[in-house]
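Heads up, the thing below is written out as structure tokens.
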Amino acid sequence: MKEKILIYPVIVTECNDEAGHYYGISSPNIKGMVTDGKTMQEAILHAEDAIATMISDMADYPEVQDPRKWKLGKDDSVMWVTVNMAKWLNQYGKTVRRNISLPEGLNNWAKENNINVSQVTTNALREMKEA
């Protein structure tokens, strides 16, 4: 039986660039998981949702990696994210596979930057729904 409460380590990167100040989050534990937030709290909430979205259809959830083995940059730190899969599945239900079309150049850029297009699309649709 799958666990309902999961805890995964993530890499939090404090960013200051042309987009402003924000926190980027990725996890070598969850391949392709990338999200961010204007505040640390927002970024961690987005990470919880991103992890749940990406693993919801997996037969077995990924084993937790030891973050002490990860190579961190100077602006990186490790935080732990708790994911309540029962709560998430009750709120959003099972995910479904759906094909979308996008410009080839944008698709290539997303691949080069390890952007999860499904996650970005899901987040954009949720924001539109809540607006």
*Note, ³J(HN,Hα) from phi for region 71-81, Karplus 6.51, -1.76, 1.60, rounded to Hz, x at Gly and Pro*: 8, 9, x, 5, 9, 9, 8, 9, 10, 10, 10
_Under DSSP loop assignment and at most 13 Cβ neighbours within 10 Å, longest trypsin sites (Lys or Arg not before Pro)-free interval of the chain_ = 99-131
*Specify the residue with the greatest mean-square fluctuation among 51, 100, 30, computed from a Gaussian network of the chain linking alpha-carbon atoms under 10 Å apart.*
100
*Which of 81, 64 comes first, and how do the rest follow, when ranked by fewest Cβ neighbours within 10 Å?*
64, 81
*asked:* With 10 angstrom as the radius, rank 13, 121, 53 by how many other C-beta atoms surround their C-beta, starting from the fewest.
replied: 121, 13, 53
*Which whole-number percentage describes the relative contact order of the chain, with Cα contacts under 8 Å and a sequence gap of 6 or more?*
29 percent
_Counting only pairs 8 or more residues apart or on different chains, how many lysine pairs in the chain have their Cα atoms under 15 Å apart?_
5
*Residue-averaged 222 nm ellipticity for the chain, from DSSP H runs of 4+ at -39500 (n - 2.57), nearest 500*: -11000 deg cm²/dmol
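Since every read-out is calculated from the coordinates, none of them should be taken as a lab result. Bear in mind the structure is a predicted one, so any value in this text is a computation, not a measurement. Glycine gets a Cβ as well: all are built from the backbone with ideal geometry, and neighbour counts include every protein chain shown.
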